[in-house]
Each structure stands twice: as C-alpha cells, then as structure tokens.
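Novice: Pasting in a structure now, in structure tokens, and then I'll have a few things to ask.
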Ligand SMILES: Cc1cc2nc3c(=O)[nH]c(=O)nc-3n(C[C@H](O)[C@H](O)[C@H](O)COP(=O)(O)O)c2cc1C
C-alpha cells in the first residue's frame with residue numbers, strides 16, 4: 001500500500017469542482033465544503049459525496065437524512081473557505097439562502113444545486129460514502145470554482 005504522503009501528493013494533481021453540502025437538524029442549518037462529489041446514476045437520479053464521520057455535518061446529514069449539494073461559482077471562494085473552517089455555531093449568519101424540496105439551504109449564487117434525500121450509506125475508513133436520491137435540482141449559467149494543488153481557482157469557463 002502506498003504512503004499517505006504519496007497519496008496526498010498525487011491527489012493535489014487532481015482538479016475538481018467545489019461544493020458546499022448543506023443540511024439541517026432541528027431547524028438549524030449546517031454546511032461543509034466538499035469536493036468528493038460525483039454523479040452515480042440517471043435512473044434513479046442519484047449522486048454521491050464522501051463525508052468524514054468526525055465532521056459536525058455528518059451528524060446533521062445522518063440524522064435528518066437530507067442534504068443539498070451546492071456547486072460554487074468562480075466568485076464564491078469566500079463561501080468555500082467559510083464552510084471549510086471550524087465555525088462552531090450560527091454558521092449561516094450573513095449567508096443568503098433559500099430552500100427547495102428538503103428544506104436544506106440552497107446558497108444564493110450557486111451555479112447548480114442538487115437537493116437530495118439520503119438513500120444509502122457505505123462506511124469506509126474515516127469517511128462515509130453517502131448516496132443521495134436527487135429530488136430537485138437546478139442550474140444557471142456561469143463559471144465554476146475549482147480546486148487544484150491545494151488552492152481555489154475560478155475555472156474561467158462558462159456553460160449556458
Ligand atoms: C476543497 C475542499 C474540499 C473538501 N472536501 C471534503 C469532502 O469531500 N469530505 C469531507 O468530509 N471534508 C471535506 N473537506 C474538509 C471539510 O470542509 C472540513 O473538514 C470542515 O471544516 C468540516 O466541518 P464540520 O466539522 O463543521 O462539519 C474539504 C475541504 C476543502 C477545503
């Protein structure tokens with residue numbers, strides 16, 4: 001098996017988009033910056049995210065069994081940093097959002113959102129692979145935020 005250092009080094013060379021996965025528990029919203037996001041299947045519409053079971057957000061998602069994947073736009077780097085920090089409470093003060101089908105926050109300005117019900121969980125290592133059944137989604141035109149070599153970058157490419 002390869003070393004954690006070699007694995008981390010190689011992963012720095014993998015470009016990804018950046019999302020904020022939101023959820024809520026007892027009416028309190030919570031969000032976490034996540035780049036382990038992929039589409040799973042069209043029938044049924046489904047996606048996956050990998051969440052560290054020690055993250056506060058894990059408890060929110062596993063309890064409420066709903067989450068929303070917000071794909072960040074190139075000008076939303078501040079949100080990516082905010083939701084990867086260790087903000088303990090009242091994380092959504094001064095964060096603009098609406099809600100869709102599940103009630104999980106849909107961040108203003110996101111390029112796309114996928115509102116999900118938790119369909120299945122696979123435990124592996126420190127993380128859980130969470131499969132979401134997409135109950136509602138939408139997208140707008142704009143350039144996405146990317147993550148590469150440990151930093152955020154505006155991809156500078158547009159889709160309509
Ligand atoms: C670009 C980026 C991508 C990340 N992707 C993930 C991810 O896919 N899964 C995860 O569990 N944490 C991921 N993290 C780390 C979490 O955002 C971070 O640990 C967060 O502060 C945990 O918050 P919580 O404990 O308040 O829920 C990522 C961080 C960054 C900066």
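Novice: So which of 77, 65 ends up being modelled with pLDDT of 95 or more, farther than 20 Å from residue 145 by Cα and in contact with a strand residue (DSSP E or B) (Cβ under 8 Å, 6 or more places away or on another chain)?
Specialist: On inspection, the qualifying residue turns out to be 65.
Novice: Within the stretch 25-54, work out how many residues are within 17 Å of residue 133 (Cα to Cα) and either crowded, with 18+ Cβ neighbours inside 10 Å or more than 7 Å from the ligand (Cβ to nearest atom) (or both).
Specialist: Adding up the residues that qualify gives 14.
Novice: Next up: Across the stretch 83-92, what is the number of residues that are closer than 23 Å to residue 138 by Cα and within 11 Å of the ligand (Cβ to nearest atom)?
Specialist: 1
Novice: Taking the conditions exactly as written (in a loop (DSSP other than H, G, I, E, B) and in contact (Cβ under 8 Å) with a residue 12 or more places away in the chain), does residue 85 satisfy them or not?
Specialist: Considered against the rule, which asks whether it is in a loop (DSSP other than H, G, I, E, B) and in contact (Cβ under 8 Å) with a residue 12 or more places away in the chain, residue 85 comes out as no.
Novice: Identify all residues within the stretch 57-74 that are within 11 Å of the ligand (Cβ to nearest atom) and crowded, with 17+ Cβ neighbours inside 10 Å; write none if there are none.
Specialist: Result: 57, 58, 60, 61, 69, 72.
Novice: Looking at 156, 151, can you tell me which residue is over 20 Å from residue 47 (Cβ atoms) and modelled with pLDDT under 95?
Specialist: Every option except 156 fails the conditions.
Novice: Looking only at the stretch 13-24, which residues are closer than 22 Å to residue 98 by Cα and part of a loop (DSSP other than H, G, I, E, B)?
Specialist: The answer is 18, and nothing else.
Novice: Filter the stretch 25-58 down to residues that are within 23 Å of residue 88 (Cβ to Cβ), over 14 Å from the mean Cα position of the chain (by Cα) and in a loop (DSSP other than H, G, I, E, B), then give me how many there are.
Specialist: The total comes to 4.
Novice: Identify all residues within the stretch 103-126 that are closer than 27 Å to residue 146 by Cβ, assigned to a loop (DSSP other than H, G, I, E, B) and in contact with a strand residue (DSSP E or B) (Cβ under 8 Å, 6 or more places away or on another chain); write none if there are none.
Specialist: Hits for the stretch 103-126 are 104, 108, 109, 110, 111, 126.
The values are calculated or read from the model by the stated rules, or taken from the named source; none is laboratory data. None of the values given here were measured: they were computed from a predicted structure. Every residue, glycine among them, receives a Cβ derived from its backbone with ideal geometry; neighbour counts consider all protein chains shown.
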